1. Part of a helix (DSSP H, G or I) and modelled with pLDDT of 95 or more, is that true of residue 175?
2. Count, please, the residues in the range 208-232 that happen to be outside any loop (DSSP other than H, G, I, E, B), surrounded by 15 or more Cβ atoms within 10 Å (Cβ to Cβ) and modelled with pLDDT under 90.
3. Modelled with pLDDT of 85 or more, closer than 28 Å to residue 183 by Cα and out of contact with any strand residue (DSSP E or B) (no Cβ under 8 Å at 6 or more places or on another chain): does that describe residue 75?
4. Kindly indicate whether residue 58 is β-branched (Val, Ile, Thr), buried (at least 17 other Cβ atoms within 10 Å of the Cβ) and farther than 23 Å from residue 212 by Cα.
5. Can you go through 70, 121, 104 and tell me which one is modelled with pLDDT of 95 or more and within 23 Å of residue 54 (Cβ to Cβ)?
6. With the checklist (1) of a type in the set (A, V, I, L, M); (2) at pLDDT 95 or above; (3) outside any loop (DSSP other than H, G, I, E, B) in hand, flag the one item residue 190 doesn't pass.
7. Could you please give the count of residues in the range 132-163 that are outside any helix (DSSP H, G or I) and crowded, with 19+ Cβ neighbours inside 10 Å?
8. Say we look at the range 117-175 and pick out the residues that are among the acidic types (Asp, Glu) and over 15 Å from the mean Cα position of the chain (by Cα); which of these is nearest to residue 237 (Cα to Cα)?
Amino acid sequence: MLIVVCGLVESAAYRRRNNNGIINRDQKWDYLTFTQFWPQVDCLSWQILDPKHKCNITEDVTSWTVHGIWPSSNSSDDPSFCNSSKPFDLDLLEPIRAKLHTFWPNVYANTPEDELWSHEWNKHGRCATTLPALSDELTFFTQGLKWVQQYNLISILSKAGIKPSFSTPVLALDIENAIQNELNVKPLMVCEHIKENKTDYIYEIEICFDKSLNLIDCPSDSYESRPLIIGAERCSKNALVWYPPISPTSGPKKPRRNLHLRSPQIIEN
């Protein structure tokens, strides 16, 4: 299913929140949600949408990658597509473009290089410009690059003994606890659910910041009014979830083959 909003096609993972089709251009918001993808499952989400879809994950993508920085509201729909006077301009990102390919990549093959960046800026970034620290396109994306390296989820999870595996699933609560123990705040998690074999994959992890860019607990009740994309759902803390390795490739900046995830070994209780 493709959701068309103001001429933009929200496909696969770039539309985790669709706000039931509501567009709220009011720039009032309360906190920032910083969300990271696990790229292998982002690819899976893309291919579930259409088996003909192919992925493009390069060798230098080895960790969690940025989905976006979302101005979020405690009491109403999150703002989106604000301030049309600041359209996306790829040229402004030239100083950080190489790092964006590594830490904020578009993994969907045969789509424009800047599809994710333009979507995130037009839908979310322009709403964040009321904050001086995120007042323009370059500072917005630079902040995302700073956070994804500062709050390195693969390192945080590895420290707790949680590593990507095709053979052993992870208790979702252990993932949450590993992050909370390291950062002293509560994260939120989103899983990709495969109905055919009742399998869950860890897909996305969110951490939250106040307007001074200090870490805060993500409001757990914020999910109640925010629909997820098709196939994705809030991770049940007691569920076993799969955290598959990123498939190897031949070299940096060379497209990987179509990354169909092989079925994990299902462990019977």
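The values are calculated or read from the model by the stated rules, or taken from the named source; none is laboratory data. No experiment lies behind these values; they were computed from the predicted model shown. Backbone-built Cβ (ideal geometry, glycine too); neighbour counts: all protein chains shown.
1. yes
2. Adding up the residues that qualify gives 3.
3. Taking the combined requirement at face value, the residue does not satisfy it.
4. yes
5. Result: 104 is the single residue among 70, 121, 104 that is modelled with pLDDT of 95 or more and within 23 Å of residue 54 (Cβ to Cβ).
6. Going through (1) of a type in the set (A, V, I, L, M); (2) at pLDDT 95 or above; (3) outside any loop (DSSP other than H, G, I, E, B) one by one, residue 190 breaks only (2).
7. 2
8. 174
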